[in-house]
């Protein structure tokens, strides 16, 4: 179990050329808690995640991280990608070992790979190629690769959006368990409000472009006690939808205008 | 208004060609059999196009006398050295062009300016620079192999999914590790496809270079046989070149199976 990092976003704004996508974002992701970013399409959720993980330089503001990083952590801020980003020429075990093989001796590397494969139910697929796996299994590999580096903060960019509804529900339960076990600070981007209320301790609602923090909702119930049928969570999901519905409709019309 | 009545006709077939090894072999055998039959019947003048049996006899005679290996070994050495030198430098510049902005425009300017030059036209220049010996022949091959390799490698690097590189960066991999673990494996299919092209180019240039200034080698042997109107040996030399091309192509196919076994 790790303590996790505190990630502080201070006055962050971003623009691509002349297009402002984020404005004046200030947030704090607490150690060991899950912050979920939701908002209409194009509001800059993934851009904000990229900035929080150091993959994008913000046009304005700064992101700070503070906290104890475990001694065996090989990559403090670790992403899980929507498209899985697996290397097709490496087996499942090879993908999981991507970072470990250069940083650990062979014995420790094999042990850690075996540990996360067992944790994610992939032990029997260690020698499989990514192309042989379903979407859900590929995302499990993505999760295993991320957990293998013992991160202090997990950044997940719509990790379930490329999957079918059944697989999404199954993986959502597993995510909840794995995130609880890992105890890391987690930033989770999604457009799915059911995922947001199942996983988030803080749910940050962004407005349509340029994205600004519209509201931050807190959910105190432990992840292990949440379920899809929980009436409080269903009510919260409906409240979230009411908050972003109009923005989502406008954003959709803007997308159609741009496309035509 | 028209009326439909009956089973729906299947219309989803075709556009799925399959390899049939036996058809390839049967085609080659059929051509040789027809050729032999035409020569035996006097339809094909054997003075200009010897019968396959005559070519086979000439090949056997060249093999037994050691003449074939004496020429083939020299050609293989030139082919190997010239191709390897051109490939190594080509992959190096291709990677540099694909990875670094400082190299991209200068590298592509040089490639664009020099690639279209017919390399055979440069053989006399290389003879002046490197002499009539091995240097000029190896330089011709290496030069001919170099440019297509640069283009194939740079294209392969350009097509590496940027998402995989970002993934490597997000996991804190070093620049060198990203090149070794992501860029090179992702570009490998394009590089290996380039090998097929460059080996064919190398064989063409080998023969051309050996015809211009060499005492030994398959190209020199073919030229010498032609000068003597010895069409049996001339065709035997051409058959050796064809077999060489097939062997090289098969070898690259094996390499692709070994290194790209992760593909479907």
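The values are calculated or read from the model by the stated rules, or taken from the named source; none is laboratory data. None of these values were measured; they are calculated from a predicted model. Positions of Cβ are generated from backbone atoms using ideal geometry, with glycine treated the same way; all protein chains shown enter the neighbour counts.
Things worth noting here:
- Set B:145, B:199, B:247: member being free of Cβ contacts under 8 Å to residues at least 60 places away in the same chain and under 14 Å from the mean Cα position of the chain (by Cα): B:247
- Unique residue being at pLDDT 90 or above and more than 25 Å from residue B:209 (Cα to Cα) when the list is B:129, B:100: B:100
- The selection criterion, being in a helix (DSSP H, G or I), away from every other protein chain (no Cβ under 14 Å) and closer than 15 Å to residue B:68 by Cα, holds for residue B:242.
- Scanning region B:251-264 for residues that are part of a helix (DSSP H, G or I), without any contact (Cβ under 8 Å) to a residue 60 or more places away in the chain and either within 14 Å of chain A (Cβ to nearest Cβ) or closer than 20 Å to residue B:73 by Cβ (or both) turns up B:251, B:257, B:258.
- Any chance residue B:81 is touching a helix residue (DSSP H, G or I) at 6+ places or on another chain (Cβ under 8 Å) and modelled with pLDDT of 95 or more: yes
- When residues of region A:93-103 are limited to those that are over 21 Å from residue A:158 (Cα atoms) and in contact (Cβ under 8 Å) with a residue 12 or more places away in the chain, the one farthest from the other protein chains (Cβ to nearest Cβ): A:93
- Across region A:57-80, the qualifying residues are those that are touching a helix residue (DSSP H, G or I) at 6+ places or on another chain (Cβ under 6 Å) and within 14 Å of chain B (Cβ to nearest Cβ), and the one among them that is nearest to residue A:163 (Cα to Cα) is A:80.
- Considering residues of region A:116-151 that are away from chain B (no Cβ under 11 Å) and free of Cβ contacts under 8 Å to residues at least 12 places away in the same chain only, the residue farthest from residue A:174 (Cα to Cα): A:124
- Screening the candidates A:134, A:110, A:85 for the property of being surrounded by 20 or more Cβ atoms within 10 Å (Cβ to Cβ) and under 30 Å from residue B:262 (Cα atoms) yields one hit, A:85.
- Any hit, region A:36-54, residues being within 14 Å of another protein chain (Cβ to nearest Cβ), more than 19 Å from residue A:179 (Cβ to Cβ) and not in a helix (DSSP H, G or I): yes
- Just one of the listed residues (A:178, A:154) is outside any loop (DSSP other than H, G, I, E, B), within 29 Å of residue A:64 (Cβ to Cβ) and within 14 Å of chain B (Cβ to nearest Cβ), and it is A:154.
- When residues of region B:23-72 are limited to those that are out of contact with any helix residue (DSSP H, G or I) (no Cβ under 6 Å at 6 or more places or on another chain) and part of a loop (DSSP other than H, G, I, E, B), the one nearest to residue B:217 (Cα to Cα): B:66
- A single member of A:185, A:190, A:177, A:167 is surrounded by fewer than 16 Cβ atoms within 10 Å (Cβ to Cβ) and either closer than 30 Å to residue A:87 by Cα or without any contact (Cβ under 8 Å) to a residue 12 or more places away in the chain (or both), and it is A:177.
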